[in-house]
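Trainee: Take a look at this one; I'll ask things after.
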Amino acid sequence: MRTLIDLPDDDVASLDRLAQRHGRSRAAEVREAVRAHLRGSVGNDWIARGFGYWRDREDIGDAVDYQRGIRQDRSFD
């Protein structure tokens, strides 16, 4: 399907920079944005999308120990 939309100039410039960074066309970026928006609106919550982001971080170690360490560093005075 082809469609015609009006975008502000600053959004077009941002879209062009994004397309250039990814090595894709402006249309490909718009398609990806629409796809991501539609996927997000049908129930994919942010927790499921973010699960496992830190799994390969060797500097953190055990997640529970890491969280306890952060909590101990906080000052609630």
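The values are calculated or read from the model by the stated rules, or taken from the named source; none is laboratory data. Since the model is a prediction, treat every value here as computed from it, not as a measurement. Glycine also receives a Cβ, built like all others from the backbone with ideal geometry; neighbour counts cover every protein chain displayed.
Trainee: Look at residue 57 and say whether it is of a type in the set (D, E, K, R) and either at pLDDT 85 or above or loosely packed, with under 10 Cβ neighbours inside 10 Å (or both).
Mentor: Answer is no for this residue.
Trainee: Going by what's in this entry, would residue 16 be described as in contact with a Lys or Arg (Cβ under 7 Å, 6 or more places away or on another chain) and modelled with pLDDT of 95 or more?
Mentor: So residue 16 passes the test.
Trainee: To continue, here is another question. Within the stretch 3-76, which helices (runs of 4 or more DSSP H) (wholly inside it) include 1 or more residues that are among the aromatic types (Phe, Trp, Tyr)?
Mentor: Ranges flagged: 46-50, 63-73.
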